[in-house]
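Below is one structure, written out as structure tokens, with a few remarks after it.
The values are calculated or read from the model by the stated rules, or taken from the named source; none is laboratory data. Bear in mind the structure is a predicted one, so any value in this text is a computation, not a measurement. Counting neighbours? That spans all protein chains shown, and the Cβs are built from the backbone with ideal geometry, glycine included. For the accessible areas, the whole protein counts, side chains as well, though only heavy atoms, and no ligand, DNA or RNA atoms are used. Shrake-Rupley method; radii C 1.70, N 1.55, O 1.52, S 1.80 Å.
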Amino acid sequence: MAMNGPSLDTELRAEINVTPLVDVVLVLLVILLVMTPFLKDELPVELPIAAQAKEQTTETTPTLTVAADGTVSFEGSPLASDGLADRLTSIYAERADKTVMLAADRSLSYARVVEVMDACRAAGVERIGVVTAPPPPAR
């Protein structure tokens, strides 16, 4: 006897298999978590070495970085050298703590470091710290 509809054995099921989707999403999540620390866009700076350098405290003080070529960045975002004082003034206008850490490359001229420090003072920064590196361990 012939049947008019499909039999129960050959019927198609319209279900989505989510296992491959979950696998792909988890792999993408792992890749994102591994790559996130490398995405920080900072200037390459070779800090001056100080024998009495202290470890940085847990307090987070904003850092102003000056690279060997004289380019300036504040907390990873680049700042134009002309009008530096005006830009720092707008940054520090809403901050209660008027402190900045200056990380200048050791090959930078002293005059350029003083220019950046002068721009910080003109912007109303009250305290300027200098970031140094400890000496390499003795062998």
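Looking only at residues in the stretch 102-131 that are open to solvent by 70 Å² or more (accessible area, probe 1.4 Å) and part of a loop (DSSP other than H, G, I, E, B), the one that is farthest from VAL66 (Cα to Cα) is GLU126.
Taking the criterion of being among the hydroxyl-bearing types (Ser, Thr, Tyr) and without any contact (Cβ under 8 Å) to a residue 60 or more places away in the chain, the residues of the stretch 81-139 that qualify are SER81, THR89, SER90, TYR92, THR99, SER109, TYR110.
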